1. Exactly one condition in (1) surrounded by 13 or more Cβ atoms within 10 Å (Cβ to Cβ); (2) touching a strand residue (DSSP E or B) at 6+ places or on another chain (Cβ under 9 Å) is not met by E363; state its number.
2. Find all pairs meeting these conditions: Cβ atoms under 6 angstrom apart; at least six residues apart or on different chains; first residue within the stretch 27-40 and surrounded by 16 or more Cβ atoms within 10 Å (Cβ to Cβ); second residue in a helix (DSSP H, G or I).
3. Mind checking which residues of the stretch 120-153 are polar (S, T, N, Q) and either exposed (fewer than 12 other Cβ atoms within 10 Å of the Cβ) or modelled with pLDDT under 95 (or both)?
4. Kindly provide the set of residues from the stretch 293-318 that are part of a strand (DSSP E or B) and in contact with a His (Cβ under 8 Å, 6 or more places away or on another chain), ordered by number.
5. What pairs come out if I take residues in the stretch 357-376 that are in contact (Cβ under 8 Å) with a residue 12 or more places away in the chain and pair them with residues that are surrounded by fewer than 13 Cβ atoms within 10 Å (Cβ to Cβ) whose C-beta lies under 6 Å away, six or more apart or interchain?
6. Tell me, which residue of the stretch 219-255 that is farther than 30 Å from L178 by Cβ and touching a residue at least 24 places away in the same chain (Cβ under 8 Å) is surrounded by the most Cβ atoms within 10 Å (Cβ to Cβ)?
7. Write out, first by first residue and then by second, each pair whose Cβ atoms fall under 8 Å of each other, whose residues are 6+ apart or on separate chains, and whose first residue, in the stretch 123-144, is in the same structural domain as K232 (by TED's automatic domain parsing) and part of a helix (DSSP H, G or I) while the second is at pLDDT below 95 and surrounded by 13 or more Cβ atoms within 10 Å (Cβ to Cβ).
8. Select from the stretch 273-291 the residues that are part of a helix (DSSP H, G or I) and buried (at least 21 other Cβ atoms within 10 Å of the Cβ) and list them in ascending order.
Amino acid sequence: MKNPVLVILLIILSIGKNIAQNQSIKDLDLFFDLLEEHNQFMGSVQLIHNEEVLYERSIGYSDIESNKKATAKTLYAIGSITKTYTATLILMAIEEGKIDLDTPIDNFFSELYNADKITIKELLQHRSGIPNITSEQSYLEWNTKRQSRDDMLNRMKEYTSQFEPGTHFSYSNSNYILLTYILEDLYKLDFAEILKEKITDPFGLKNTFFGKPFDTNLDVASSYLYQGVWEKQLETHYTVPIGAGAIFATVSDLNKFSKELFSGNILSAASMQHMLDINDGYGMGIITFPFYNMVGYGHSGGVDGFQSFFGYLPYENIGYNILSNGSRFSINDIGIALLSAATENEIIIPNFIECQLTEEEQEQYIGVYSSLEIPFKITVGKSNNGLKIQATGQPTLELDCEEEAHTFTYNMAGLKIIFTPEENSFRLFQSGGDFLFIKSEE
């Protein structure tokens, strides 16, 4: 006979856990209600634990012009999360004996600087020294147009090295573009066909596509940037980022892929060990991140107005992802809210303060500012009852008000600006940096 005290204790613990979980779901609903109400985020999220969907939510529109609401079936560009798929395919090719991690890339691209010194491993780990092609000053002049392999390689032929291969980490889309071409050479197939044959078909990922699908039966999101209203963005042509950032997927397909990957169903244990060999915060198509005393793995993504993140905590068997086609809010903070719900930690509910500046209050900030520390200017202008900024060559950003005097933020980029109007200046805080900007004299 079971101990009745133990049975009662187990029942009480189960009830307590259900109550906590129900409260977490209510808090998440409030969290996303506020994001939608204040035009902070459009997109879909999904949280799973032990293969059970704990939470799923879509807010905003997949296409504003046609008044189409986002759903769990909406397809989004996942941006650089594509690199996780590409790294997986490269490790598969290594398992098949087609190449190895120490294969030098002069076997494929002898014309590139340092090609005889750069290995497959260094491309995977962003330690090649090859500059980032998407950081070219002319990038926005050609990124929306179809690019051939020769177009892309001819640009890279002009590069010298940022550093000796293997000595430093520097994130570069060029690395994964080159890995895509290597895969196509090894299999004599287009990347789309390789992805389908090796990953999407075998693992039932029916809503994962290379490049934007044009099937009218599918709900494919357009991307937006908030500039007082959501404005549709021009689209980067898929032939530019290819295996560095051109996959579209739904939240459920992305969670399924990460679950299959971290369960050891796609790669061997040895390959997974290589993938999770973290150096300077980056493995092979994977980053690592802490959450309290837990460790997660995943990757972020961003292309045009799309922002994304997927994370997996293998020991806790928790997976989540965030796919957005328009965001003013920190994707990282959304991830923290989802993980907090899964682990019964407190969910921080955001408090949005609407900017209500008078015209006189706006005037004290308006102008063009420059810094001795950063080689671009920032123009501050009026926006409804608030402020907007535009850095040289960058899109206009709507700032949010903060309770602290003269303080404004752009949460998606982790950016804070504190003005000192009497000194015609502001300090810009981002990624640990603190930069002084002075208003130009008229």
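The values are calculated or read from the model by the stated rules, or taken from the named source; none is laboratory data. Not measured: the values here are computed from a predicted model. Here the Cβ is made from the backbone with ideal geometry for all residues, glycine too, and neighbour counts use every protein chain on show.
1. (1)
2. Listed pairs, sorted by first residue: L28/A341; F31/A337.
3. Kept after step one, since they are polar (S, T, N, Q), are these residues of the stretch 120-153: 125, 128, 132, 134-135, 137-138, 143-144, 147-148.
Of everything in the stretch 120-153, those that are polar (S, T, N, Q) and either exposed (fewer than 12 other Cβ atoms within 10 Å of the Cβ) or modelled with pLDDT under 95 (or both) turn out to be T134, S135, Q137, S138, S148.
4. Applying the first criterion (part of a strand (DSSP E or B)) to the stretch 293-318 yields 294-303, 306-313, 318.
The answer is F309, F310, I318.
5. V368/S440; F376/T392
6. We begin by selecting, within the stretch 219-255, every residue farther than 30 Å from L178 by Cβ; these are 219, 224, 226-232, 252.
Remaining after also requiring touching a residue at least 24 places away in the same chain (Cβ under 8 Å): 219, 224, 226-228, 230, 232, 252.
Values: D219: 19, Y224: 23, Y226: 20, Q227: 14, G228: 12, W230: 20, K232: 16, S252: 19.
Applying the filter and picking the extreme gives Y224.
7. So the pair list comes out as I133/Y139.
8. First, the residues of the stretch 273-291 that are part of a helix (DSSP H, G or I): 273-275.
Residue satisfying the conditions is M275 alone.
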